[in-house]
Every structure is written in structure tokens, then in C-alpha cells.
């Protein structure tokens, strides 16, 4: 890529200190608070207020027409959901599998697509293309593909003598199959982030390593991997958050089935909403929020610290 | 320099962004055929997007407009199933409901809080024309709120008559006979009982369709069930539906691809004789007509048999109804009432039957089925004429759990047993009962 | 890498990519031109009868041209909400990055929580109702902005950190007002990251299925993703029309992608990864 954006400017510490001194008076005028205002109004009313309201409503029995305060009953009820324990395990599995695969495949594809490979332009486009298709469309297509007897995948396997499994109908496989499709759809974005991370590694590093006699593996191990770390942490955080909250694709493909075997927390919540148990559904949302925060915030801190150390 | 050209380009982009806004002001919503003339009252009718219902609604609107040139009816659609339920609730709550809409009768009808959200039509003359079995389904606290849209349906078994004839089988009147038949069908290399768990809802028929047998054995079950005194897991009659589901899986009477098959595939199997029996609602006639028009009359219908041959009868589903939200007023309300009166008349039935194949009898006095209806419809209707039918549980009790379909898939796939499935369902309905604020829960 | 090896690797990658990525699209296209009976088989086969025009016309005409209305709605929704995300997000990111006060930590936390917290659907409906915005396009636009702001702010903030402060100071000494400084000096420099935000967010908004479903009920308000419902009902699904619809609604993101293809990586390089 030759159309690289501006490179990192000098961020001298002395300059930072000087800036801090000048800050008090002038910065307020140059960087006025009201720049926050329009965004804050929209974000506050349509995101923060509902989020706080949900803390209250999660303590009520709420038909959309009226709400009755019932204390923590919704939370006890929610934790008694037959699908919920499984849903938690599934949520973790799904998030870990999808973000793990996206990191590995994204990195490999990133390296491949920054090398001097033939048909690079075509490959870059085709890998990114699934990102553009609607989740529902992808879900319907792959549900058809994964049909155990008529689906393309098992027909292809049968042609080479393998008896393909019931990808979406075997309770122990369904979640994993959906996760694979999620990776298929999302790996393009991870790849782009990696491509960006890899092309921004200054050429000097490669040359220095080559002069030291590093082979391709050492080059990968000692240059590409550590220097694309910011890309790795971006991919991990984005796909982990996506994976923990994931819902669209699971819903389009299995609706949490067969039975409850591919239910995740988000789909349990949605089912409660669908059934009209608004209080219960909101309580589930609060639980999901706490869980995601408990995982993502420490992880983000950890990744950021690692980044600084390098 | 650079920033100036950028600024120019930005202005152009902003103008381009504003353009569709202006366009939309005149075009969105006014596209299409519904061009109104000044003096007419336009009423909006909302129905679900099932092709049969939509076509019937459009035909009704058309024939009604022919009789009432001053009124225009514009038909809009909503998704079916649970998404549709939520849409209805939010639109009622926000006062943004169409002037008249179709929705379920029975337990789901209770959930939209009729007394608060709907306009009663109790005193209107056309209410007298409704079948007496239908009235309780749209009546709360002495007030009636709706007229039927579409015919009644039966929940039972669709069967391939050719396969039955070839193997010399007769329609079973007990569950034991049904299993016997199924074993013979299996021996002949045909899938005896079609199950299609990709479309989860289709899994419930063996449980829900068995309810006539439950009421026959235990007439007050529904009442005790609503009062939290009877449970599926502990009532020997009620648990049978779950046991049947388990049995057909244990005896391997299902089609091999039951886990991944869809309703469409199931109907094709049935029509082409690859499968012989399909526990289903008679409402799928329209779908068979599209996919296998030539084989439609090879398919017949019988009620799910129970233990007692003498009590054999049909579990009946009532049609949806047209309701009027409280937000409809003035000229529109007058127009809507005229429309309801038309829908609940023999002319209305004829109009609906013209556009979509009836799946059972119409529940309006004076309505007769056209003579050329498919075999399934005739079979369903004969249970009504012989008075060998009773309503499904959801029309007798507001308590219906949301997860029955998943639980049925689990039992039918051998993931859980019949008893524990029934127990899971008992837990599932508890939330519903509490949400409705019923006493005893 | 030597030339033969390059060629082999290239060929291998192309073959794999065809199997993994092209076959699914071929399936969508083939199913979209089949007749209803064959499409219902959902198998990967050559259409026995091509009827692309028939299917196209049926899809476009369905429900009194609802698809046309949906396209208009979706385009307005996407353009307006993404434009707002870009401008408002950049404004917040600018001040947030430049001026550190004791509130900065809190604001950072609020921004991050927008990415983490699953939106509370029913309470949001409740707020929209109170504001009289429920069920209209403006309401949904605001919702999309609110849900998308966090991601935009994070991308912009990382990029603004790479713009030297001296630039601001020079502009201020020249007598530029904050607005002028931002829109004339900073905003143009964000070009590459703006492209990234536009691409990522418009795909997200245009392909959004759940939010329109929740917040935009009503026929005249349909967005393109909701038109998929028209061909998929509980009892009957017309697969050929469904896939034709999927194909049609993939065209706008595709055009945008072809248009911005080159800049996407550049924007990511500049924004998301550094800083």
C-alpha cells in the first residue's frame, strides 16, 4: 500500500509538559466543552437514560402496559432459566472460539495479503466481501449449506467418502458451526486491521532483521508478531465484545436450537423479550452487561499495558 | 488550498445528503397503488404476512370497496410469530396502531390487555352472526372485541391417502392403531411420521393437538390448569402428548432428516409419498397448493387419536380476529365498523374463500364452504359438522409458555425424556401466569 | 520469495478463496434466479429455468413497491446517521483527546461502555415514546447515532493523537475560532479515518436488522433488511424471491466498498491500530 496516511508525529515529552502548563486558561477556549454537547444529548437520552432505566425496570414485572415492583425476583427467575447455565458456557465458548480464530486467521491472511502474492487485489476484496452482506442473508445461506443431507458441505464431503455430521442439528456441534460462520463473516475486518498493522511496520525493521540473517519464521516471530501487537489487541477486543453480545447470526441460523443447545445469553434475553417478559428480559440485559464488563475491562487494561511495555 | 477544495466537496456531499430527505418528503409511503381521492375515508388494515391471510385481506378490502366506494382500505403487513406480537403490543401502547388489525384469539388475545386497548363492538348488529363457539374467544368481561378473519383450523395428522390405500390402512381412532399403522408404513420403506425441527414451531403439534383427548378424559383440566392445580408432568392424561413424542423417536418412526427438515420439505415429502403422516395444522393447505398443486387432493386429515376410540375428535384452532384499537375514532371508526360488518357476513366469507383456500369452516352464520375445497378442508369440516371437536388449550386458558417448541424439539430428538420435558414446560408457563397476574401462581 | 513459489501460493489462495468465499455468493445468485419449486430445494445446482427478470420484478413489486420505499428509508437512515456519527464523534474525540480534565476519565469510561453495554431495548422504546419520537425515521436515526458514536469516537481519538498540537496553536495564533480550527484544520486531516468510519458504520447501519425491527414498526417505515420478512413467513417461504432480495440489498454496500476499497486499509492504518 502506497497511500499510507500520515505517520506518527514526534510526541516529545518536553512538549507534553509545556502543553500541560499552558493548559488551564487557553485550552478551554480552544477546546470548548460545548463540542461535547450534541453527542452528549443524543447519547445521554437514548443510551444512558435507557440503561439506567433498565436497572429499575429489571426489578419489576413489566407488561408493556404497566409495571409492578417485584424486587429481585426477575434475577432469581432468570438464573433458573433452563437454558441459562448452558447459555453462559456457550457465550464464553462462542466468544473465545470466534475471537481466537479471527486473530489467527486474520494474522495469517494479513501476512499473506501484504506479501508479493499474485491476485492480491482480488483476494483482499473477496476476503472483505462477507463483511458487507447482511447477517440474515449469511445465516439463511449457510443454514442451507449445512443441511446434513441436502447441504453443499456434506454433499462435497460425501463425494470424498466422508459422512458429514449434522452441523446445525447435532446439539454438540451447532454452536461451533455457527461460530465458524461468524468467523467467515468477520475475518475480513480482522484481516484489514492486520494488513493495516503490518504495512505500518517500518521497512527498517525487516531490513535490519534480514541483515542479521533472520529467516521467514524468525522474521514473523521477532518482527511481525510483536510489532503488529496493537492490531492484535484491537481484533481481540472488538471480536470478544462482538462475540459476547452476539445474537443476530445465532438467531438467524439455529434460534438457539436444537432445543436449547446453542442458546447464548443474548438469545435467552431476546426470547424473554419476545415472550413479552419485559422485566425479565431487562434483568437479563443487566446481567449480560455486568458479565461483559467484568471480562472486557480487565482484559483491555491488560492488553493496553502489554502494548506499552513493548 | 487543500482544505478549501475539501470544504467545497463537503458542501456538495451535504447537498447530496439533503436531497433524499427532500425526495422522501413526497415519496415515502405514497408509492404504490393506494392513491386516494379527496372525498374518501381511508382506513388502514394490518394483517400478518402469511400469503393466505394477506391475499384474503386484500380480496376482502377490494370487494368491500366495490360495495362502499366512499371508503378505501389500505392493507399493511406485519411479521408473524413473536416479532409480530411485540409489534402489536408496542403499537397499541403508543397509540400508533392501524385502524383495524388482525391478531390471534384466545391466550394471546388476553395478553394485549383488551379492556384497555381495544374498542368493544358488543352492541353492533353483526356480532349476532358470529358462531357461538367463537364468541368466548374474543370476549373479555362481558364485552366482545372482534370478528373472525379466516376459517377455523384443525390440528391433527395430515396423511397421504395413496400410501394408506396402497398398504390397506384405515384412519386410526386410537393411538395404538396409529403406532401399528406407522410400523407397517415403516416396513414398506416410507417415513411414517414426518417431523421438521428446523421450523421449531412444527414440533408442538403432537402435544397441542392431543388436547381434545385430554379434555375428553378430564373435562375440567383447563380450569384446574389455569388455577395452578394441574400440571403437565403430573397429570397422566396431559403428559401423554409428550410421551407420544418420545415414543415416535424411540421407535424411530420419524423421517431420517427430522432434525434439519423444514416445513416446506416436510410437506413435499408428504405430497410425494416419501412420508405418510405429518402432525400439522390444516392451515398449511396454501403452502401445499404452491409447492405440490397436483398432489393436494392426495392428502387427507385425521384428528390425533387418543386412547378412547369413542371419544375420538378434533382439537380445533379458532381463526384470528379483526380488532379495533381505541385510537380509531370518528369517520374512520364508522368506516371500520362497516368493514367488520362486511367481513362477518356470507359475502365476506365468499370473498375470503375466493382469495385463499379455506382450511376449515367459517365461523359466521350463513357461511358455507365452496364445494371444490381440498380433501383436507372437507375432513376438518366433517369433525365440526359431527360436533366431534373441542378447542385447543390456548383457547381455554391464558397460560401458555413461550418455550414449548424448544422443549418439544428436545423430547422429539431424544435429548430429554417425556416427563422431564413436561416438567420443564410446567416451569416455563409459570412465568407467563405470573406476568398475567393470575391468582394461585 | 521466488517466482514459481509466488505463483503456486497465489494459485492455491485463489482456489481456496473460490471454495470458501465465492461458492456461497454463487449459491445466492443461482437461487435468486431459480423458479420457486427448485429454489425451495435449497441445493447447489444449476437453475433448470432462468427467471432473473421475473423474480426481480416480483421482488420489487411486492407489497406495493415496499422495497423502493425501504431503499429510500435505508439510504436516508444510513446517510444521516453516519454523517452525524462522523461529525459529532470527531468533535467529541477532538476535545477529549486535546483537553485533559478530571472528567476525562469518566467520559472515556462512558464512551467505552457504549461499546460494551448491550442496548436496553424496551427502556429505549419507552424513552422514545416519551419524547414522541417512537416509530419514526428521526427516532431510529437518533438511536443509530447513539449506538454508533462510541466506536467512531474511539477511532477518531486514536487518530487525533497523531496530529501535532502545534497545528492547533498556529491556527489559534492566526485568530481561528474553535469551530474554524476544528472544521478547517483538524477535520480535513481526518480524511482517511473518516473513510474507515463511513465504511464500517454505513455497513453496520444499512445491514442493521434488529434496531429497525424494534424501533421502527409500520409498513411505510420498512428498511431494506425488514423486507426479507416479506418473503419469509411462518408457513410459507419463497426462497427464490428471498435470495433475490438478499442480492438486491447487498448492492449498495458493494458499490460503496468498490468505491472506497483502497482507502479502507489506509484508514485503519491511521486510526484504529496506532495510538
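Of all residues in segment B:98-118, those being buried (at least 19 other Cβ atoms within 10 Å of the Cβ), in a loop (DSSP other than H, G, I, E, B) and under 21 Å from the mean Cα position of the chain (by Cα) number 5.
Can you pull out every residue in segment C:207-222 that is surrounded by fewer than 24 Cβ atoms within 10 Å (Cβ to Cβ) and at pLDDT 85 or above? If the condition is that a residue be surrounded by fewer than 24 Cβ atoms within 10 Å (Cβ to Cβ) and at pLDDT 85 or above, then C:211 is the only one that fits.
Within segment C:148-172, the only residue that satisfies the criterion of being at the interface with another protein chain (Cβ under 7 Å from one of its Cβ atoms) and under 28 Å from residue C:71 (Cα atoms) is C:149. Filtered by the rule that a residue be assigned to a helix (DSSP H, G or I) and either away from every other protein chain (no Cβ under 12 Å) or under 18 Å from residue A:157 (Cα atoms) (or both), segment C:23-59 gives C:23, C:24, C:27, C:52, C:53, C:54, C:55, C:56, C:57, C:58, C:59.
Scan segment A:283-292 and give yes if some residue there is within 13 Å of chain B (Cβ to nearest Cβ) and over 27 Å from residue C:154 (Cβ atoms), otherwise no. Yes: segment A:283-292 contains one or more residues that are within 13 Å of chain B (Cβ to nearest Cβ) and over 27 Å from residue C:154 (Cβ atoms).
With respect to residue A:88, is the statement that it is touching a residue at least 60 places away in the same chain (Cβ under 8 Å), assigned to a helix (DSSP H, G or I), facing chain C (nearest Cβ under 9 Å) and surrounded by fewer than 23 Cβ atoms within 10 Å (Cβ to Cβ) true? Taking the combined requirement at face value, the residue does not satisfy it. Within segment B:370-414, the set of residues being touching a helix residue (DSSP H, G or I) at 6+ places or on another chain (Cβ under 8 Å) and surrounded by fewer than 17 Cβ atoms within 10 Å (Cβ to Cβ) comprises B:370, B:375, B:414.
Can you confirm whether segment C:126-141 contains a residue that is within 9 Å of another protein chain (Cβ to nearest Cβ), crowded, with 18+ Cβ neighbours inside 10 Å, under 16 Å from the mean Cα position of the chain (by Cα) and closer than 26 Å to residue A:134 by Cβ? Looking through segment C:126-141, none of the residues is within 9 Å of another protein chain (Cβ to nearest Cβ), crowded, with 18+ Cβ neighbours inside 10 Å, under 16 Å from the mean Cα position of the chain (by Cα) and closer than 26 Å to residue A:134 by Cβ.
Total residues in segment B:341-361 satisfying the condition of being under 19 Å from residue B:133 (Cα atoms) and surrounded by fewer than 23 Cβ atoms within 10 Å (Cβ to Cβ): the figure is 3.
Checked against the criteria, residue C:41 counts as out of contact with any strand residue (DSSP E or B) (no Cβ under 7 Å at 6 or more places or on another chain) and modelled with pLDDT under 85. Listed by position, the helices (runs of 4 or more DSSP H) enclosed by segment A:205-310 that each have at least 2 residues that are under 22 Å from the mean Cα position of the chain (by Cα) are A:229-245, A:248-253, A:265-274, A:278-309. Scan segment A:254-270 residue by residue and report those that are free of Cβ contacts under 8 Å to residues at least 24 places away in the same chain and either at negative phi or more than 10 Å from every other protein chain (Cβ to nearest Cβ) (or both). Scanning segment A:254-270 gives A:269, A:270.
Of the residues making up segment A:116-144, those that are under 19 Å from residue B:256 (Cβ atoms) and within 7 Å of chain C (Cβ to nearest Cβ) number 1. Number of residues in segment A:168-183 that are more than 9 Å from chain B (Cβ to nearest Cβ) and assigned to a loop (DSSP other than H, G, I, E, B) equals 2.
Residue C:123: buried (at least 20 other Cβ atoms within 10 Å of the Cβ), at the interface with chain A (Cβ under 9 Å from one of its Cβ atoms) and assigned to a loop (DSSP other than H, G, I, E, B), yes or no?
no
Hey, can you tell me all the residues within segment A:146-172 that are surrounded by 23 or more Cβ atoms within 10 Å (Cβ to Cβ) and within 18 Å of residue C:30 (Cα to Cα)?
Matches in segment A:146-172: A:146, A:147, A:151.
If the condition is being in a helix (DSSP H, G or I), more than 14 Å from residue C:256 (Cβ to Cβ) and more than 9 Å from every other protein chain (Cβ to nearest Cβ), then segment C:180-210 contributes C:180, C:186. Within segment A:44-58, the set of residues being under 17 Å from residue A:75 (Cα atoms), more than 7 Å from every other protein chain (Cβ to nearest Cβ) and surrounded by fewer than 20 Cβ atoms within 10 Å (Cβ to Cβ) comprises A:52, A:55, A:56. Return the residues of segment C:93-115 that are in contact (Cβ under 8 Å) with a residue 60 or more places away in the chain and facing another protein chain (nearest Cβ under 7 Å); say none if nothing qualifies. If the condition is that a residue be in contact (Cβ under 8 Å) with a residue 60 or more places away in the chain and facing another protein chain (nearest Cβ under 7 Å), then C:94, C:98 are the ones that fit. Of the strands (runs of 3 or more DSSP E) contained entirely in segment B:257-320, those carrying at least 2 residues that are at pLDDT 90 or above and under 19 Å from residue B:409 (Cβ atoms) fall at B:275-281.
Restricted to segment A:118-146, and to residues there that are without any contact (Cβ under 8 Å) to a residue 12 or more places away in the chain and outside any helix (DSSP H, G or I), the residue that is farthest from the chain's Cα centre (by Cα) is A:118.
It is to be established whether one or more residues within segment C:223-233 are more than 8 Å from chain A (Cβ to nearest Cβ), surrounded by 22 or more Cβ atoms within 10 Å (Cβ to Cβ), modelled with pLDDT of 85 or more and farther than 19 Å from residue A:141 by Cβ. Yes - at least one qualifying residue is present in segment C:223-233. Do the conditions hold for residue A:110, that is, is it surrounded by fewer than 16 Cβ atoms within 10 Å (Cβ to Cβ) and touching a residue at least 12 places away in the same chain (Cβ under 8 Å)? No: the conditions fail for residue A:110.
Counting only residues that are under 18 Å from residue C:229 (Cα atoms) and surrounded by fewer than 22 Cβ atoms within 10 Å (Cβ to Cβ), how many does segment A:126-138 have? Explain how you work it out, then say what you get.
Taking segment A:126-138 as the starting set, the residues that turn out to be under 18 Å from residue C:229 (Cα atoms) are A:133-138.
Still in the list and also surrounded by fewer than 22 Cβ atoms within 10 Å (Cβ to Cβ): none.
Residues flagged as under 18 Å from residue C:229 (Cα atoms) and surrounded by fewer than 22 Cβ atoms within 10 Å (Cβ to Cβ) within segment A:126-138 amount to 0.
Results for (1) touching a residue at least 12 places away in the same chain (Cβ under 8 Å); (2) more than 22 Å from the chain's Cα centre (by Cα), shown as yes or no for each residue.
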{"site": "B:213", "(1), (2)": "yes, no"}
{"site": "B:219", "(1), (2)": "no, yes"}
{"site": "B:232", "(1), (2)": "yes, yes"}
{"site": "B:237", "(1), (2)": "yes, yes"}
{"site": "B:245", "(1), (2)": "yes, no"}
{"site": "B:251", "(1), (2)": "yes, yes"}
{"site": "B:254", "(1), (2)": "yes, yes"}
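The values are calculated or read from the model by the stated rules, or taken from the named source; none is laboratory data. Being a predicted model, the structure only gives us computed values, none of them experimental. Every residue, glycine as well, gets a Cβ built from its backbone with ideal geometry; the counts of neighbours run over all protein chains shown.
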